[in-house]
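Everything on this sheet refers to the single structure shown next.
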Amino acid sequence: MEILVCIRRVPDNSENEITLNSAGNDIERDELVYSVNEADNYAVEEALQIVAKVGGSVSVVTVGGEDDEEILRREMAMGASHGVLLSDPHFDKSDGRGIAAILKAFVAKSKYDLILTGVQAEDGAAQVGGMLAAMLDYPFASLVNSIEVLDDHKLKIGREIEGGNREMSEIDLPCVLSIQTGINEPRYVGMRGIRAVASIPIPTHDASVLGVNPKAVEEAGATVKRLDYFVPVVGKGAEMLAGSREENIDKVLELIAAKGGLK
Amino acid sequence: MESSSAVSLVHSWLEPGRHLFVLVHLIGVASFTYIVWRRLVPLVRGQSDPRFDRPLARLGNLAKFWFGQWRHPRYPGAGVLHILIFIGFILLVIRSFSTLLVGVSRYLATQGPPSQIAYLYSTVTDYAATVVFICMLVAIIRRLVFRPARYAVPTRYGRVHTADAIFLLALIAVLMAADGLYSAAVAAGQFKVDQAGEQLAFLSLPWLLQLALASSSLAAIGKFCFAAYLVHEVTFYFLLCYRPFGIQFHVETSLFNVYFAKLSRGSLKPVRWDVPDGALDQAKSFGVKTFEDFTWKHMLDFYSCADCGRCSDNCPANKVGRPLSPRFLSIKARDYAFQHYPVFGRSSNHQALVGSVYSADEIWSCTTCGACEEECPLLIENIDKIVDLRRGMVDDGNVPQSLQKPLKALESRGNPYGKMEKKRGDWATSKELQQVCSVKTLGKSTANTLYFVDSVTSYDDRMQSIARSTARILANIGEDFGILGGAERDSGHEVRRFGEEMLFAALRDHNTGAIRATAAKRIVTGDPHALNSLRHDYNGLPPVEHISQFIARTKRAGLIHFNPVDRASDVYTYHDPCYLGRHNQVYDDPRYVLDSIPGLKRVEMERSRDRSFCCGGGGLMLFYESKEDQRMGVKRVEMAAEAGANVIVTACPFCMANIEDAIKVAGFEGKMSAIDLAELVDRQMVRNEWASSATSCAGG
Amino acid sequence: MSRIFAYIAHKDGVAGDSAAELLAAARSIDAAAKPSALVAGHGPELDSVCEALRSSFADVWKLAHDDLSHPNAELVRQALVKVLPPCSIVLVPHDHFGIDLGPGLSIKLNAAFVPDILQIAHVEGTAITFVRQEFGGQVSAHVRCDASSGAVITIRPGAFKATAAAPVQGVIVDKSAEIGILTTRRRYLQTVVAEDGDVDITKHAVLVSIGRGIQEKDNVGIAQELADVLGAAVSCSRPVVDSKWLEKSRQVGSSGKTVKPKVYLACGISGAFQHLAGIKGNPFIVAINKNSKAPIFQVADVGIVDDILEFLPALTEKIREMQSVSAK
């Protein structure tokens, strides 16, 4: 099975404090640490486990620039056989729909049985996978937390729905799935693995190679634009108890008792 | 050696069997040679390990640990037993060989030293054989009746080894008895013939057996002699050939194992001895994944394990129910070698060890405390093997999720918490500290001494107090010091010991560059893990010492004085950190410092110094979730309570973290407290007037 | 302003809470609009939902089809594409269904897509400015959408409060015939219900809920002790389950259980919306967290900045004292 995983380089959520910059119009980007989006990493691990069972290979692709090569290499160190960079000045500030269109152009020129993305990235939009599927006219499922290969043409998948329940479906190949975190335990990628792939050439495709109309994907043509970043002025919020620990405990118990919380 | 008339008598008895005896010799020697050759096969396939350097030091080890049985008395009962058996064996070597020769060569039998020396030797060995015989009986009774706990075999490792042990002990007893009966028969026969003859040692086993033979006819004695001789020879060769099939192989291999033992403490073997650092990128595989990835010396270790269980008895991971038992690291590998490189049959090799012989959790459970290596009478090395196995797992991506996050943070931020590099020196900017001294950040400014803080002390809210105390101590003494601040990265001590060699190398290279750039002449640290790493994993650095050594030296020079303790009722005990104590042999300096504090009552825990019990581990071990029945720290805190202490003094931030946590978990909150040595000294030291102003450490 | 449609999720013949929220959102976009409800399904359950919605929606578009008896986003999308007029604005809740349906729908309708919005900041003609969050809620952003060719908007559950409005006399518009044949390459098999484990957190009036701040599995006992003296149950946020410190049945949140306690102690929980989405019924929320800037303090009633590993045992101890005094 030939699997393509679409990945993205994002500021690492756990190792950064996201704050506004001094101009107040963007987040502070100095000293940010970047890595592959967590959900995308789970997707690559899942793809690797699938091909370990049924054969085939895993390719990873990202839309970006030179800086983004590092995540392609990291996933290749993890076990992906091929890494592809889709890069063009017109792609620089493409929105989710633009990125989906770029990926669609790449997929249309290749032959993949299964396309995976992570459920969502740092903007919490959770959109590229679904859009890509619709553009390709492939069936789609989001929030996938289990995959079983039934045969060459279909999978049995589980989706995470409310109450911790799981919705089981059968889906035909080729299809697009967005993968939820926690689906598996990703293997460790050590420094040695990364150094081993440090010099492998990464093929890069631009708009003309892909056959993408730059105007369709560039920032200027987007129907949705982010205007700024801001931190909202906080409303009333909680009544903050400011005494010593003993005082706080007493006060809290008083309040809980008043609400019927103490038996 | 017998007199010539005795020789004729013996010769007449044994002559009929001479061909048989020669045959037994040939079969025995040939079998033994073949068996040993087959046992050497995997060693030839193993990795290289340079152990032929420093012969004098190695001979010194041999004298102390092999001849001197230095480690044995740590368990007095078994220790005395073994020393007696060992001395007995050494003494009996010549006697055994000469007995073996008697049956095949009349000429050789008549050779030997003058009769007084021969007589002395024979008397001594009569007693030696007796002592060995008695020791065998005692050992068998120990195994059957007293059953020391460390011999027990957990069910997951198979059946108990008692039957095998008793079989071997019994055979040695038989050997002694056969030798005794033979000597008794010779003496009894001689006495019967000419009423004179060699006197056997009074009340020795041969002497007693001679008494038993006194009433037998000469012909009967002759038959006993022949039988005893044959039994002796056959038993001797049987044991010789059987030993390489079990733990008794240590009789042959111990000499070599001790000679080739590791000479340095605290250091780790490189990934491959035959691959220099710069060429590591080309190495096909890191670490030990199959048996053949072990070095020949490690394989020899497996052969040499005597199954005594002392290592596991002292292993803290084993004590708290983690799936690790150092004894079984060796025994399982030895069994693997026996099975896959059999004496008879084809060898099968290159099978993955983790997942079949070892479990991943077993290998990750080790805190590298070194208690096992400190105990082993055969100087078997375990830490290098654990690290090698971890290197293999890391290479395969088989790292527990709980460790992946801190490793990733170490890679991107240089500390396992993911905190920003530039905040590493923030602990030094507290207003309170600034009033007493300002801590220089080296790089732009220079200083004589670098205070290497390392990650936990820099970033952890609780541990930062240790850093501030250390800074105040250094300032009070007037030491010209500074820190690396944002340029410092984690020392990488646990990164390396958890198998991530390349990440460690990156951290080491960064730190080395930063340290050299400061031109500091010496380094002081309060973190024993950092101490160990800078001393043994890094190269080309100025000398490193622990803050306790620094304070002790300062105290001896009279440059620091202490106020008496406030609460006379407090009872203090010092907990030896593994990486300060066992690995770096610093036991006395911290105690000297504590004992210099007026009014401080100190007690020793039963497990102290090189028998100290690990707090639970440091560095990445704080992130690993092992299956265990209890925390190591809780056990340690209970030991402190048993010793009658209510204050535990630590000298390591990880010990502090584990022990403070354990005090809560064990329910001792309010009854017991922990304090770092630096914090205690900071509290008790007399402030030098000239050091009280902020200008004492110039620059800033 | 283009027509606004609200996709109504329903179960067992009853519309979900999101119906009122979407209505409120629609009114924020255009106060004068008469939003239409889109209800897909099958059989008498579908009918009763449509009937009930008549009092809040001017028209209720009924989309009945055999294949829609189980809400399958692939099929619903096809149906919507067939019946929706061009340039429609479609509102969908941002839940597991909305995430499944929304992006693809926007492509097939050739409409803009704005996911997970919290507020309508500004409307100027067909340019709508929304507020969303990024980076796990650490920052907010204004996002402007050109809805001239339509838009698919997913709404964060709970972001819009139902507004009181005069009931309407809506009509049911049966659009089922326009759906035609639905083909899909994704077929629903079954729903596997999460195992309950030994404790059903949805049945407790008081919950001691722990998050990442509990730091390690061994500390879970601290929360259990507090729960024991309170007669409460221990629940948690997602990271605790991901780290395998508690079973999934204890998770409160959009992918876990929905709880309606009287008192909710949020200990070491940052307050990500996915977790808060599982708390209904407006309980008294006490938040304890080391980080004074944690978003939980926005929604809690009482907040304490402290280390839960120290605070909880002290709280437990105090309650024990109180109980032993009153027992005398």
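Structure above, values below:
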read-out: Cleavage-rule hits, trypsin sites (Lys or Arg not before Pro), segment B:504-594, DSSP coil, Cβ neighbours within 10 Å at most 14; value: B:521, B:567
read-out: Ordering of A:251-260, B:148-157, C:254-263 by burial proxy (mean other Cβ atoms within 10 Å per residue, highest first); value: C:254-263, A:251-260, B:148-157
read-out: Calculated log₁₀ intensity ratio I(q)/I(0) where the Debye formula runs over C-alpha points of segment C:1-89, q = 0.11, 0.18, 0.26 Å⁻¹; value: -0.28, -0.75, -1.41
read-out: Neighbouring partner chain Cβ atoms per residue of A:116-127, average, 10 Å criterion; value: 5
read-out: Rg/Rg_globular for segment B:410-558, with Rg_globular taken as 2.2 N^0.38 Å and Rg from C-alpha atoms; value: 0.98
read-out: Selected from C:49, A:36, B:389, residue furthest toward positive end of dipole (the protein assembly as shown; charges at beta carbon); value: B:389
read-out: Local electrostatic count, residue A:59, Cβ distance below 10 Å [Lys/Arg +1, Asp/Glu -1]; value: -2
read-out: Antiparallel DSSP beta bridges within the protein assembly as shown, as percent of all bridges there, nearest 5; value: 30
read-out: Of B:297/B:408; C:260/C:290; B:671/C:290; B:405/B:521; C:217/C:293, pairs whose Cα-Cα distance is over 28 Å; value: B:297/B:408; B:405/B:521
read-out: Computed over chain A: relative contact order in percent, which uses C-alpha pairs under 8 Å that are six or more apart; value: 23
read-out: Surface/4 estimate of mean projected area, convex hull on alpha-carbon atoms of segment B:89-198, nm²; value: 9.3
read-out: Rg in Å to one decimal, and Dmax rounded to a whole Å, for the protein assembly as shown via C-alpha atoms; value: 38.7, 137
read-out: Neighbour-count order for A:123, C:17, fewest beta carbons within 10 angstrom listed first; value: C:17, A:123
read-out: Calculated SAXS-style log₁₀ I(q)/I(0) at q = 0.15 Å⁻¹ - segment A:106-211, Debye, Cα scatterers; value: -0.82
read-out: Angle between chain B longest axis and helix B:18-45 axis [Cα atoms, degrees, rounded to 10]; value: 20
read-out: For chain C, the fraction of alpha-carbon pairs in successive 20 Å shells from zero, as %; value: 29, 50, 20, 1
read-out: Net charge dipole size for segment B:277-395 [Lys, Arg +1 and Asp, Glu -1 on Cβ; Debye, nearest 20]; value: 320
read-out: Cα gyration tensor shape for segment A:2-221, rounded if a/c is under 1.5, else prolate or oblate; value: rounded
read-out: Cα long-axis angle, helix B:326-340 against chain B (0 to 90 degrees, to the nearest 10); value: 50
read-out: From the C-alpha gyration tensor of segment B:277-395, square roots of 5λ in Å; value: 22, 19, 13
read-out: Tail weight of P(r) past 29 Å, computed on alpha-carbon pairs of segment B:505-655, percent; value: 26
read-out: Using alpha-carbon coordinates, inclination of helix B:4-14 to the longest axis of chain B, degrees; value: 90
read-out: Alpha-carbon gyration tensor eigenvalues x 5, square-rooted, for segment C:64-164, Å; value: 24, 17, 12
read-out: From the C-alpha gyration tensor of segment B:571-684, square roots of 5λ in Å; value: 22, 16, 13
read-out: Cα-based reach from residue B:444 at 16 Å (exclusive), listing aspartates and glutamates while leaving out same-chain residues under 8 positions away; value: B:480, B:488
read-out: Approximate spin-label separation residue A:57-residue B:426, in nm, with each point projected 7 Å along Cα-to-Cβ; value: 4.7
read-out: Charge dipole (chain A, unit charges on Cβ, about Cα centre) - positive-most of A:54, A:204, A:24; value: A:54
read-out: Among beta bridges that DSSP assigns inside segment B:541-700, antiparallel share in %, nearest 5; value: 10
read-out: Exposure proxy order (Cβ contacts within 10 Å, fewest to most) of B:655, B:225; value: B:225, B:655
read-out: Whole-angstrom Cα spans of segment C:201-327 along principal axes, big to small; value: 41, 29, 29
read-out: Volume per residue that the Cα convex hull of segment B:275-324 spans, once the total is divided by residue count, Å³; value: 136
read-out: 10 Å binning of all Cα-Cα separations within segment C:164-258, expressed as whole percents from 0 upward; value: 13, 32, 16, 15, 17, 7, 0
read-out: Pairs of Cα atoms farther than 21 Å apart, segment B:540-627, %; value: 45
read-out: Residue order, fewest to most surrounding Cβ atoms within 10 angstrom, among C:45, A:46; value: C:45, A:46
read-out: Total charge dipole magnitude, the protein assembly as shown, about the Cα centre, Cβ charges on Lys, Arg, Asp, Glu only, Debye to nearest 20; value: 2760
read-out: Signed unit charges on C-beta, dipole axis of segment B:410-558, positive-most listed residue B:471, B:459, B:492; value: B:471
read-out: Sparse-neighbourhood loop sites, trypsin sites (Lys or Arg not before Pro) in segment B:317-414 - DSSP loop, at most 16 other Cβ within 10 angstrom; value: B:346
read-out: Reference-scaled alpha-carbon Rg (2.2 N^0.38 Å with N residues) for segment A:1-105; value: 1.19
read-out: Kirkwood Rh in Å, taken over segment B:135-231 so that all alpha-carbon pairs contribute; value: 15.4
read-out: Under the Debye formula (equal points on every Cα, no solvent term), log10 I(q)/I(0) of chain B at q = 0.05, 0.08, 0.09, 0.11 Å⁻¹; value: -0.33, -0.72, -0.85, -1.11
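All of the numbers you see were taken from the coordinates with simple rules; none came from a lab. Predicted, not measured: the structure shown is a model, and the values here were computed from it. So basically every Cβ, Gly included, is an ideal-geometry build from the backbone, and we count neighbours across all protein chains shown.
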